[in-house]
There are 2 protein chains.
Amino acid sequence: MRGITEEDIENLAVGAALLGTGGGGDPYLGKLMVQKCIREHGPIQMIDPSELPDDAWVIPTAMMGAPTIMMEKIPNGDEALKSMRLLEEKAGITAFATMPIECGGLNSTVPFVVASKAGIPLVDADGMGRAFPELQMETFHIYGISGTPMALHNERGDRVMLETLDNHMLEHISRGIAVRMGGAAHVAEYMMNGADVKRTSIHGTMTLCMELGRAIRESQTTKRDPIEAIKEVTRQSIYGEALVIFRGKITDIERQSTDGFVRGKARVSGMDAYEGQELRVDFQNENLCAMIDGELQAMVPDLITFLDQETGMPITTESIKYGFRVICLAIPTPDIMRSEAALDVWGPRYFGYDTDYEPVECIQQRRGEQHV
Amino acid sequence: MRGITEEDIENLAVGAALLGTGGGGDPYLGKLMVQKCIREHGPIQMIDPSELPDDAWVIPTAMMGAPTIMMEKIPNGDEALKSMRLLEEKAGITAFATMPIECGGLNSTVPFVVASKAGIPLVDADGMGRAFPELQMETFHIYGISGTPMALHNERGDRVMLETLDNHMLEHISRGIAVRMGGAAHVAEYMMNGADVKRTSIHGTMTLCMELGRAIRESQTTKRDPIEAIKEVTRQSIYGEALVIFRGKITDIERQSTDGFVRGKARVSGMDAYEGQELRVDFQNENLCAMIDGELQAMVPDLITFLDQETGMPITTESIKYGFRVICLAIPTPDIMRSEAALDVWGPRYFGYDTDYEPVECIQQRRGEQHV
């Protein structure tokens with residue numbers, strides 16, 4: 001257990017935006033909310049999964065909906081806590097801790113707000129090790145945890161207790177509710193005990209986010225190459241070492257809010273070694289696939305993120321603009337995310353691509369050999 | 001309190017389809033479900049609102065969604081009961097009785113199934129005196145009852161407890177849930193005590209449905225004109241006397257299931273006195289407006305229903321077919337449905353028509369004078 005400070009949250013927001021692969025919402029808002037909580041209530045306690053009693057209840061909390069809409073409906077910070085309370089009441093339990101369901105600007109920070117306001121610890125883990133657009137895309141789901149019952153709140157105070165027979169229907173119905181609640185809802189779901197957290201979550205991802213954020217932010221003052229700093233941190237993690245797959249300038253960005261998601265594509269015109277080439281990145285809240293001149297370079301569940309060429313800061317889907325000079329970075333996902341069962345849930349075929357998953361490091365290895 | 005028999009339900013289904021103004025679902029399925037219940041559990045007790053203790057809890061039950069979809073997903077009859085149970089559990093009360101929210105093929109019969117299976121009486125009243133497509137279109141809402149908390153079930157067993165700040169948001173979110181539940185959901189809502197039932201419901205509408213159904217069915221054996229039989233029953237009710245506004249042949253029917261509703265229009269080519277004229281009836285689950293050669297003849301909240309010319313049997317929106325020979329009948333709605341507050345909720349402007357409400361009997365009076 002350790003106390004999380006405002007500085008830690010500054011780092012978390014940057015690192016979570018990196019692992020958030022373009023999604024998970026704007027890191028800025030979430031960061032401000034948590035820092036305000038820390039100023040009011042003191043450091044937030046973060047606990048490693050190994051420290052959890054096996055029978056302690058953990059209730060993950062999050063926002064769901066289109067990140068673009070979340071930026072227009074600023075949460076007041078109480079909604080996810082209310083969802084957690086509603087779930088506690090329904091289940092007749094008390095949450096020992098809360099936990100993020102994913103890494104990403106908002107969804108890494110929302111549970112810190114809940115932890116601070118409820119005076120409970122936050123578990124240093126999550127269920128995606130990145131961000132994904134749908135609720136069944138959780139290691140929790142893949143390893144047998146029921147997402148239901150699920151509580152949803154909006155900023156007005158409308159609320160729902162949802163129980164479904166399976167996690168796919170949970171996603172389907174709750175997405176409809178989030179849309180009708182105004183495009184975004186604040187949720188509590190995948191309630192589980194400490195033993196299940198240890199078994200099904202991806203451990204240490206909040207610490208990793210903070211380390212990545214610190215590496216990027218420090219590189220700005222030390223003038224070190226932020227890519228080198230990111231490579232060093234990822235190399236020592238359960239993720240693979242980060243790979244640069246493109247450098248260029250954003251020439252086109254399509255973005256549509258439909259069915260509770262932001263879907264679209266970004267096109268990037270190559271610079272430096274990539275001069276004359278074009279990168280296309282498709283997204284559904286999160287970046288899904290990266291193609292250079294029509295050839296796949298990286299795909300879900302590997303992480304694809306745009307960084308600002310100057311600062312190394314990650315850029316979320318809703319912030320990408322024409323003319324931005326970007327680095328497209330890919331990070332090999334942890335092995336636990338690449339099992340056959342996992343690829344069924346979040347592999348490229350699920351998102352409509354007619355291709356089997358190929359690890360990004362293998363694609364880049366092949367590509368490097370072709371270029372020699 | 002009186003016992004309802006299979007014969008009563010036969011009449012109810014016909015009369016409710018008439019007052020259902022084309023909506024409320026297919027009467028056939030609902031009728032079979034109730035008759036099976038009566039064979040298994042004996043007569044269902046129907047209670048007049050005046051007989052209710054003021055502090056007894058009444059939980060209305062219904063289906064919501066597109067009637068066309070309801071016909072494809074046949075309910076097993078337990079779903080609405082489960083929703084009532086979920087609401088009882090949530091509120092910590094026991095239902096003394098259930099009640100329909102509207103008149104209409106399915107929604108007049110669903111609460112009889114619930115009453116039979118739960119062994120409780122059904123209140124002889126409803127909240128629309130006809131059928132309407134949206135949940136805030138209830139005298140309950142107009143006279144100050146909260147629709148929330150609301151329970152929803154589908155035939156799979158997925159379920160929701162929904163609480164909203166107002167009845168418009170209740171309609172908005174629950175409609176989204178019904179869509180995601182597969183196009184239809186079984187609901188319990190507008191929980192209220194006996195005093196509120198007396199104050200806010202339209203009394204005696206189930207009895208009226210049975211009388212109308214009996215009049216139509218008896219006219220088939222006695223060879224009496226069914227229209228005359230309907231006029232006689234409506235003349236003695238809180239409704240106005242039924243008016244024939246058109247006779248003709250269906251020449252076109254447009255029907256689309258969108259956003260959880262069936263929307264469309266029916267066109268009818270005139271016969272007999274109406275030769276050379278064209279009637280158009282617009283619907284959103286229920287018939288909304290009737291126009292002859294572009295001139296409004298009847299509009300919500302007055303009741304507009306198609307009857308088969310041969311049998312006098314009402315035809316629901318989803319049963320209308322090209323070539324049917326029909327009578328278009330209008331019934332003046334009770335005064336309680338014509339108050340300013342009521343017309344704000346279900347007048348023609350709410351449905352997008354750029355016109356004030358004009359009572360059907362006034363329009364027809366004017367029209368008759370013009371023809372003299």
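Taking the conditions exactly as written (open to solvent by less than 10 Å² (accessible area, probe 1.4 Å) and among the β-branched types (Val, Ile, Thr)), does B:Thr94 satisfy them or not?
Here the answer is no, as B:Thr94 does not meet what is asked.
Could you please find all residues in the stretch A:335-356 being assigned to a helix (DSSP H, G or I) and of a type in the set (Asp, Glu)?
Passing the criteria: A:Asp335, A:Glu340, A:Asp344.
For the stretch B:143-163, give me each residue that is in contact with a Gly (Cβ under 9 Å, 6 or more places away or on another chain), open to solvent by 10 Å² or more (accessible area, probe 1.4 Å) and outside any strand (DSSP E or B).
Across the stretch B:143-163, the qualifying residues are B:Ile145, B:Glu155, B:Arg156.
Check the stretch B:266-289 and report whether any residue there is β-branched (Val, Ile, Thr), more than 20 Å from B:Gly105 (Cα to Cα) and in contact with a Leu (Cβ under 8 Å, 6 or more places away or on another chain).
Yes - at least one qualifying residue is present in the stretch B:266-289.
When both residues are 6+ apart or on different chains and their Cβ atoms are under 6 Å apart, which pairs have a first residue that lies in the stretch A:127-146 and is touching a residue at least 40 places away in the same chain (Cβ under 8 Å), and a second that is assigned to a loop (DSSP other than H, G, I, E, B) and among the β-branched types (Val, Ile, Thr)?
A:Gly127/A:Ile101; A:Arg130/A:Thr21; A:Ala131/A:Thr21
Return the residue satisfying two criteria in turn: it lies in the stretch A:172-187 and is in a helix (DSSP H, G or I) and either open to solvent by 10 Å² or more (accessible area, probe 1.4 Å) or of a type in the set (Lys, Arg) (or both), and of such residues it is nearest to the other protein chains (Cβ to nearest Cβ).
Filtering first and then ranking leaves A:Arg180.
Out of (1) open to solvent by 10 Å² or more (accessible area, probe 1.4 Å); (2) within 14 Å of another protein chain (Cβ to nearest Cβ); (3) touching a Gly at 6+ places or on another chain (Cβ under 8 Å), the odd one out for A:Lys73 is which?
Looking at each condition in turn, A:Lys73 falls short on (2).
Please go through the stretch B:320-329 and give me each residue that is in contact with a Gly (Cβ under 9 Å, 6 or more places away or on another chain) and either free of Cβ contacts under 8 Å to residues at least 12 places away in the same chain or surrounded by 16 or more Cβ atoms within 10 Å (Cβ to Cβ) (or both), ordered by number.
Within the stretch B:320-329, B:Ile320, B:Val326, B:Ile327, B:Cys328 meet the criteria.
Are any residues in the stretch A:229-259 over 30 Å from A:His203 (Cβ atoms) and touching a residue at least 40 places away in the same chain (Cβ under 8 Å), and if so, which ones?
Matches in the stretch A:229-259: A:Phe246, A:Arg247, A:Gly248, A:Lys249, A:Ile250, A:Thr251, A:Asp252, A:Ile253, A:Arg255, A:Ser257, A:Asp259.
Residues being part of a strand (DSSP E or B) and either free of Cβ contacts under 8 Å to residues at least 40 places away in the same chain or open to solvent by 10 Å² or more (accessible area, probe 1.4 Å) (or both): count how many of those fall in the stretch A:296-316.
The total comes to 4.
Does the stretch B:52-67 contain any residue that is part of a helix (DSSP H, G or I) and crowded, with 21+ Cβ neighbours inside 10 Å?
Within the stretch B:52-67 (the criterion being part of a helix (DSSP H, G or I) and crowded, with 21+ Cβ neighbours inside 10 Å), the answer is yes, since at least one residue qualifies.
Residue under question is B:Ile101, and the condition is that it be hydrophobic (A, V, I, L, M, F, W, C) and either open to solvent by 10 Å² or more (accessible area, probe 1.4 Å) or closer than 26 Å to B:Ile230 by Cβ (or both); does it hold?
It is true that B:Ile101 is hydrophobic (A, V, I, L, M, F, W, C) and either open to solvent by 10 Å² or more (accessible area, probe 1.4 Å) or closer than 26 Å to B:Ile230 by Cβ (or both).
The values are calculated or read from the model by the stated rules, or taken from the named source; none is laboratory data. These numbers were taken from a predicted model, which means no experiment stands behind them. Counting neighbours? That spans all protein chains shown, and the Cβs are built from the backbone with ideal geometry, glycine included. Ligands, DNA and RNA are excluded from the accessible area calculation, which covers all protein heavy atoms including side chains. Shrake-Rupley method; radii C 1.70, N 1.55, O 1.52, S 1.80 Å.
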